[in-house]
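All remarks here apply to the structure that follows.
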Amino acid sequence: MKWIIDEQYDGMIIREYLQKIHGFSRRILTAVKLERKNIQVNGVEKNVRYALSAGDVLEIRFPKEKVSAALKPEK
């Protein structure tokens with residue numbers, strides 16, 4: 001997912017932006033930040049405490065989903 005940061009969000013940290021503006025849960029944020037390069041601003045890896053600037057391009061990559069062995073397909 002990619003967003004260009006609007007001027008109204010200038011100075012907001014990534015964690016706050018994702019939770020308040022896009023509804024990310026703490027669990028999703030934890031999963032995203034555990035793997036390297038999943039959070040990038042202008043193509044450079046950042047952590048969730050990075051303060052965004054207007055015009056920044058924020059990109060979030062989600063980790064691959066793990067399928068549980070307990071799930072059984074239905075017809």
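Derivation of every value follows stated rules applied to the coordinates shown; laboratory data play no part. Remember, it's a predicted structure, so these values are computed and weren't measured experimentally. So basically every Cβ, Gly included, is an ideal-geometry build from the backbone, and we count neighbours across all protein chains shown.
If you check every pair at least six apart or on different chains, which have Cβ atoms under 7 Å apart with a residue in the range 22-46 that is in contact (Cβ under 8 Å) with a residue 24 or more places away in the chain first and a residue that is assigned to a helix (DSSP H, G or I) second?
Within 7 Å, the pairs are N38/V32; I39/I14; I39/V32; I39/K33; K46/I14.
Those residues that are within 12 Å of the chain's Cα centre (by Cα), of a type in the set (G, A, S) and over 15 Å from P63 (Cβ atoms), I need them from the range 21-53; list them, please.
Result: G23, single match.
Out of all the residues in the range 17-50, which are surrounded by 15 or more Cβ atoms within 10 Å (Cβ to Cβ), of a type in the set (D, E, K, R) and in a helix (DSSP H, G or I)?
K33
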